Amino acid sequence: MTPKTMRIAIAGAGNVGTFVADDLRKRGNDVVLIEQNPEHAKRVRRDRGMDVHWVIGDACEIHTLDEAVLSSCEVVVAATGDDEDNLVISLLAKQEFAVPRVIARVNHPDNEWLFNESWGIDIAVSTPHLLTALVEEAVSVGDLVKLLRLEQGRVSLLEVTLAEGSPVDGKTVREVELPADCSLVAIVRDGHVIAPRGETPLHAGDEVLALASVQAENDLKRTLTGE
């Protein structure tokens, strides 16, 4: 089955924006890249030769987003190096152009609390926090690690490596009473991905991936780790 192609607008032609734009274009998507600095855009076009549509202008301005035809985009990525700009771009994309999916880059971790649905943001990506989560995921056993926020921060993708003595060690998925608003999505065991079914057993050492609402995270942690 051929993957569905999308029209995607990316604000900011820095290292992050240009890499994402180039990668998405190679996957067959229709990409428009918005950059405020014409000289920088000229250098990027000369050096990288990316086959994307370019719009030169301030992505915080309505007329620039009109020129990019944001109303026809399925996804907008606010990838500038300025958090204030990314918030404004996200809000305009959602409220003025009704873009279904808005993804915003968080440059300074202290600002992450702002990047939520009130600013029109569906997914906020904070590189420092993501790196922390990946480090914790690599070194922790028995700790619940938040990998990704979804649904404007209301739902998280969580990972836990089951420790010896976990309350669910030896139980089947059917026997585990999960809290409301939680779902097990995958089990990784010995390098293999297992889709959890009712009869699937859980063992110490399993990496368990789950989706949970923010309110249910602590209950999920108690269920899987006993803490």
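The values are calculated or read from the model by the stated rules, or taken from the named source; none is laboratory data. Just so we're clear, the structure is a prediction, and the values are computed from it rather than from any experiment. Cβ placement follows ideal geometry from the backbone for every residue including glycine, while neighbour counts extend to all protein chains displayed.
Applying a threshold of 9 Å to beta carbon distances and a minimum spacing of six or more residues, or different chains, the list of pairs starting in the range 101-123 at a residue that is under 11 Å from Ser90 (Cβ atoms) and ending at one that is basic (Lys, Arg) and not in a strand (DSSP E or B) reads Val102/Lys94; Asn116/Arg154; Glu117/Lys94; Glu117/Arg154; Trp119/Lys94; Gly120/Lys94; Ile121/Lys94; Asp122/Lys94.
Among the residues examined, Ile34 does not qualify as closer than 23 Å to Glu84 by Cα, surrounded by fewer than 18 Cβ atoms within 10 Å (Cβ to Cβ) and either in contact (Cβ under 8 Å) with a residue 40 or more places away in the chain or not charged (D, E, K, R) (or both). Only residues that are touching a residue at least 24 places away in the same chain (Cβ under 8 Å), surrounded by fewer than 23 Cβ atoms within 10 Å (Cβ to Cβ) and farther than 16 Å from Glu74 by Cβ were counted in the range 1-17, giving 3. As a summary of the residue check, Gly12 satisfies the conditions (1) on the phi > 0 side of the Ramachandran plot; (2) out of contact with any helix residue (DSSP H, G or I) (no Cβ under 9 Å at 6 or more places or on another chain) except for the one numbered (2). Do we have Asp66 as more than 20 Å from Asp82 (Cα to Cα) and either touching a helix residue (DSSP H, G or I) at 6+ places or on another chain (Cβ under 6 Å) or assigned to a helix (DSSP H, G or I) (or both) here? It is true that Asp66 is more than 20 Å from Asp82 (Cα to Cα) and either touching a helix residue (DSSP H, G or I) at 6+ places or on another chain (Cβ under 6 Å) or assigned to a helix (DSSP H, G or I) (or both). Within the range 164-195, the set of residues being touching a helix residue (DSSP H, G or I) at 6+ places or on another chain (Cβ under 8 Å) and under 19 Å from Leu147 (Cα atoms) comprises Asp181, Cys182, Leu184. What do you reckon, is Val77 touching a helix residue (DSSP H, G or I) at 6+ places or on another chain (Cβ under 9 Å), assigned to a helix (DSSP H, G or I) and touching a residue at least 24 places away in the same chain (Cβ under 8 Å)? Against the criterion (touching a helix residue (DSSP H, G or I) at 6+ places or on another chain (Cβ under 9 Å), assigned to a helix (DSSP H, G or I) and touching a residue at least 24 places away in the same chain (Cβ under 8 Å)), Val77 does not qualify.
This table checks each residue for (1) out of contact with any strand residue (DSSP E or B) (no Cβ under 6 Å at 6 or more places or on another chain); (2) outside the structural domain of Arg105 (by TED's automatic domain parsing); (3) at pLDDT below 85; (4) crowded, with 17+ Cβ neighbours inside 10 Å.
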| site | (1), (2), (3), (4) |
| --- | --- |
| Ala133 | no, yes, yes, yes |
| Thr161 | no, yes, no, yes |
| Ser166 | yes, yes, no, yes |
| Glu175 | yes, yes, no, no |
| Ser183 | no, yes, no, no |
| Glu199 | no, yes, no, no |
| Leu202 | yes, yes, no, yes |
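Looking only at the range 204-219, filter to residues that are over 21 Å from the mean Cα position of the chain (by Cα) and not in a loop (DSSP other than H, G, I, E, B); which one of those is surrounded by the most Cβ atoms within 10 Å (Cβ to Cβ)? For the range 204-219, the residue satisfying everything is Asp219. Only residues that are crowded, with 16+ Cβ neighbours inside 10 Å and among the charged types (D, E, K, R) were counted in the range 59-94, giving 3. Does the range 37-46 include one or more residues that are assigned by TED's automatic domain parsing to the domain that holds Ala104, in a loop (DSSP other than H, G, I, E, B) and over 24 Å from Glu117 (Cβ atoms)? Checking the range 37-46: at least one residue is assigned by TED's automatic domain parsing to the domain that holds Ala104, in a loop (DSSP other than H, G, I, E, B) and over 24 Å from Glu117 (Cβ atoms).
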